[in-house]
1. For the chain, list log₁₀ I(q)/I(0) at each q in 0.15 Å⁻¹, using the Debye formula over Cα point scatterers of equal strength and ignoring solvent, two decimals each.
2. What are the extents of the Cα atoms of region 32-154 along their three principal axes, listed from largest to smallest and rounded to whole Å?
3. With everything on Cα atoms, drop me the angle between helix 175-184 and the longest principal axis of the chain, reported from 0 to 90° to the nearest 10.
4. If you find the alpha carbon centre of region 91-149 and of region 38-82, how far apart are they in angstrom?
5. What FRET efficiency comes out for the pair residue 199/residue 28, r = Cβ-Cβ distance, R0 = 45 Å, nearest 0.05?
6. In whole percent, and with a 1.4 Å probe on the protein chains, what portion of the accessible area of the chain is carbon and sulfur?
7. Nearest 5 percent is fine: what portion of the DSSP beta bridges confined to region 137-298 is antiparallel?
8. Using the heavy atoms of the protein chains alone and a 1.4 angstrom probe, what is the accessible area of the chain per residue in square angstrom?
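The values are calculated or read from the model by the stated rules, or taken from the named source; none is laboratory data. Given the structure is predicted, the values throughout are model-derived calculations rather than measurements. All Cβ positions, glycine included, derive from the backbone under ideal geometry; neighbour counts span all protein chains shown. Heavy atoms of the whole protein, side chains included, go into the accessibility calculation; ligands, DNA and RNA do not. Shrake-Rupley method; radii C 1.70, N 1.55, O 1.52, S 1.80 Å.
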Amino acid sequence: MTVIRAALLGFGTVGQGVYEAIKTHQKRLQERLGKKVEIAGVLIRDLRKQRSLPKHILVTDNIEDILAIDDLDIIFEAIVGNEPCYTYLNQAIEKGCHIITANKAMFAQFGTKLLEKAKQHRVQVGFEATTAGGVPIIRTIEQLLQVNKIEKVEAILNGTSNFILSEMRKNKLSFPDALQLAQERGYAEADPTNDIEGIDAFYKLMILSELIYGGQPEWRTVEKQGIRTLTSEKVQLAEQKQKRYKQIASLTKKDGKVLASVKPILVNKAHPLYHVEDVDNAIKLETSLIGTFTLQGPGAGKLPTASAMVEDFIYVLEKDKSIKQQGEVVYS
Ligand SMILES: NC(=O)c1ccc[n+]([C@@H]2O[C@H](COP(=O)([O-])OP(=O)(O)OC[C@H]3O[C@@H](n4cnc5c(N)ncnc54)[C@H](OP(=O)(O)O)[C@@H]3O)[C@@H](O)[C@H]2O)c1
């Protein structure tokens with residue numbers, strides 16, 4: 001049986017999740033691909049940290065070592081920030097590797113360029129994990145909504161802020177106490193700015209905008225409002241009126257212009273996002289043929305995010321295989 005050789009960029013929450021998912025689901029992967037999947041190398045930043053990885057896996061802080069691995073087929077990228085990540089992925093594409101990324105900040109900014117470059121080099125890019133973690137929203141849009149027109153998106157794209165709002169409502173916590181609880185549970189970073197100021201949801205919304213409308217609004221025109229100003233009193237008052245604050249990312253197109261915003265919105269019981277609680281994400285799509293439907297599930301975390309990446313793995317390899325079998329290049 002031949003082997004598919006993969007490397008991981010990053011071995012934090014997501015990188016470890018991908019490693020674990022490949023290990024625990026090796027048999028299913030082999031059945032699906034007809035090949036064994038081998039993690040040949042792992043790129044990290046700090047070589048002094050202890051990692052529970054077998055000796056035969058190359059662990060390095062130098063991307064050149066990863067790119068020098070013989071017959072490397074695919075790279076899973078789960079590091080943080082735009083650079084050096086964008087440069088590394090460019091190098092990987094030039095080497096002829098398929099790439100699968102979870103990095104929303106980088107992909108919101110450079111996704112189009114990476115897809116273009118991948119097309120030139122005849123490799124595939126998977127980015128399901130960038131948006132809504134384990135909820136398969138990218139593939140649903142890309143593959144299952146090719147004829148439907150998506151008229152509007154309303155989504156909860158940040159589990160941390162949703163958790164904070166849920167705690168403020170259910171347990172009457174103040175914003176600082178709910179944030180502290182989110183940090184204690186590992187849902188919020190030590191610096192929670194991106195989550196609570198709507199920046200993380202904004203990146204995901206821009207990725208959806210590119211996918212649905214083929215472009216993004218100018219970033220500075222998008223209204224971004226965080227949840228920091230919501231007090232426990234406001235949340236309780238809304239509760240008395242049977243309404244709930246949800247941090248909603250909205251996207252639509254009017255008169256040829258993409259309109260987007262991320263802000264707390266009061267929704268009533270009839271709204272599909274009203275019941276989305278804790279760290280869940282949900283995406284409500286208004287479409288021309290189906291009508292309105294909502295996808296909901298774990299929007300982050302080790303295994304849900306790894307799930308999106310390993311499912312991408314199958315998709316990317318099968319797409320590549322089908323293109324090669326056709327003997328022509330048909331990229332979406
Ligand atoms: N966590 C989630 O639930 C989740 C969900 C969806 C998407 N994402 C995205 O996935 C990516 C990874 O998130 P994470 O939570 O796994 O982060 P994390 O736990 O902080 O892990 C980051 C990993 O990347 C490595 N790294 C960072 N900068 C590097 C550099 N310049 N060169 C080489 N390695 C570097 C770190 O190395 P060291 O181990 O040596 O520090 C670490 O192993 C982020 O872009 C995030 O937005 C995360």
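1. So the normalised log intensities work out to -1.25.
2. 50, 32, 28
3. On a 0 to 90 degree scale, this one is about 30.
4. Comparing the Cα centres of region 91-149 and region 38-82, I get a distance of 21 Å.
5. In this case the efficiency is close to 0.80.
6. Ligands and nucleic acids excluded, carbon and sulfur give 48 percent.
7. Percentage antiparallel, nearest 5: 95.
8. 49 Å²
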